[in-house]
Amino acid sequence: MKKNAFLTFLFACIPGAGQMYYGYMKRGLSLITYCCLTIMVGSVISPLLVLALIVWMFSFFDTYDLIRYLVAGDPKPDEFLVPSNLGELKTILPKQHKLIGWGCIILGVWVLYDSVLSPVLWQLFDWLGCSGLWYTITNNLPSAVVAVLLVFAGTRLLGLGSPRRPHNDTDDLPPYQGQ
């Protein structure tokens, strides 16, 4: 089934639409949902809006990865992108997941500083008392939890808490040749 290369590019620019254009409805729905969720979370915790960009980039390049598999005659199964454990998450992410791991750690540390540590330090330096300090800590607790989770996810993606296992870097698929 030959698809229009220009339409493929246009649909690849919309998270999930490129996958749906090639018949991967569940995969496309997952990516649209992830993009909308990251935008919603990013509107509450603004530094996390970067995750929407990451979902968009994954969706864009996943469209062309699916085409590469289709051209090779080995299509990927159409399933929801909902990992049930960290091992499945590593298979969904690109092989070079260290950049994403470091990004999660840096973003998590920055959110932790910006939403928790900085206001607490300002409270201490302004000598506003214990009640103001307690309010600042409890008000920023959700951001602190998200920041700690980002740092944890980054360290897991980098393999900094698990034993090293050798991985196979061979790729038997041909490069994408266009349409």
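The values are calculated or read from the model by the stated rules, or taken from the named source; none is laboratory data. In this text the structure is predicted, and so the values were computed from the model without any measurement. Note that each Cβ is placed from the backbone with ideal geometry, even for glycine, and that neighbours are counted across all protein chains shown. Remember, those area values only see protein heavy atoms, side chains included, never the ligands or the DNA or RNA. Shrake-Rupley method; radii C 1.70, N 1.55, O 1.52, S 1.80 Å.
At-a-glance table
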quantity: Net charge over other residues, Cβ less than 11 angstrom from the Cβ of M20 (K, R count +1; D, E count -1); calculated: +1
quantity: In Å², nearest 10: area of M40 left accessible to a 1.4 Å probe; calculated: 120
quantity: S118-K2 pseudo-label distance in nm [points 7 Å out on the Cα-to-Cβ vector]; calculated: 5.5
